[in-house]
Amino acid sequence: MRDHPRKPRRPGADTHSDVWIGRATNRAQWVLAAAGAACLALGVQLAVTSHWTSGVAPLLMAVIGCVAAGLLMLFGTLAFVNVAVKVDGDALEVRCGHMGIPRRRILLTQVVGAEFVAQVNPRQWGGWGYRWRPEQGTAVVVRRGEGLVLRLGDGRTFTITVDDAETGVRFIRERLHLSTSGASAGA
């Protein structure tokens, strides 16, 4: 499965390629996921092995608290450990985490421009994850580093942290040029 042809990702690659795929991973979030798993395990252990003399209510509150905190940490971090971006002739699709959720699909007909950003910092977006800020737009931030910014026709922006973003921007710009020249040729 890892032996895919990588031509669409290389600078100067075949410009007639149909698809560009970019990915980004944040290994530091695995530490937070492990902490969530530990909280979950603690909750299960408390439920199974505890003999609290204080009563059932404190035990139940401790178990529910540990399990809830563990699940929130575990799934909240695993959803944004990685991101995959796929651009074809029609749309850009973003999938987060191992299950591909949350997911967003943006038609290239809605895109008016694409820009490369050398440094996207999670702090400027308020942390990791799927973010929205009124003054900045929407973003999928899984790590610090390079990213691409789409300018949409309605004035909004969509930022994604992804490896090899510069090649992705070139690929999107080529598709935008092809779609605008094709539309004017048919008119």
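Considering each residue of segment 118-136, count those that are in contact (Cβ under 8 Å) with a residue 40 or more places away in the chain and over 19 Å from ARG104 (Cα atoms), and give that number.
Summing the residues that are in contact (Cβ under 8 Å) with a residue 40 or more places away in the chain and over 19 Å from ARG104 (Cα atoms) in segment 118-136 gives 1.
Applying the selection to segment 90-103, what residues are farther than 13 Å from ASN26 by Cα and open to solvent by 50 Å² or more (accessible area, probe 1.4 Å)?
The answer is ASP90, ARG95, MET99, ILE101, ARG103.
Out of the residues in segment 156-180 meeting the condition of being open to solvent by 40 Å² or more (accessible area, probe 1.4 Å) and closer than 14 Å to ILE106 by Cβ, tell me which one is nearest to the chain's Cα centre (by Cα).
ARG156
Collect the residues in segment 22-39 that are open to solvent by less than 20 Å² (accessible area, probe 1.4 Å) and either part of a loop (DSSP other than H, G, I, E, B) or closer than 16 Å to LEU74 by Cβ (or both), keeping them in residue-number order.
ASN26, GLN29, ALA33, GLY36
Every residue in segment 40-70 that is open to solvent by less than 70 Å² (accessible area, probe 1.4 Å), among the hydrophobic types (A, V, I, L, M, F, W, C) and under 27 Å from ASN26 (Cβ atoms), please.
LEU40, ALA41, CYS66, VAL67, ALA68, ALA69
Specify which of the listed residues (THR109, THR167) is touching a residue at least 40 places away in the same chain (Cβ under 8 Å), hydroxyl-bearing (Ser, Thr, Tyr) and closer than 15 Å to GLY22 by Cα.
Testing whether each residue is touching a residue at least 40 places away in the same chain (Cβ under 8 Å), hydroxyl-bearing (Ser, Thr, Tyr) and closer than 15 Å to GLY22 by Cα leaves just THR167.
The values are calculated or read from the model by the stated rules, or taken from the named source; none is laboratory data. Computed from a predicted structure; not experimentally measured. Cβ atoms come from the backbone with ideal geometry, glycine included; neighbour counts cover every protein chain shown. Just the protein is used for accessible areas: all its heavy atoms, side chains included, with ligands, DNA and RNA removed. Shrake-Rupley method; radii C 1.70, N 1.55, O 1.52, S 1.80 Å.
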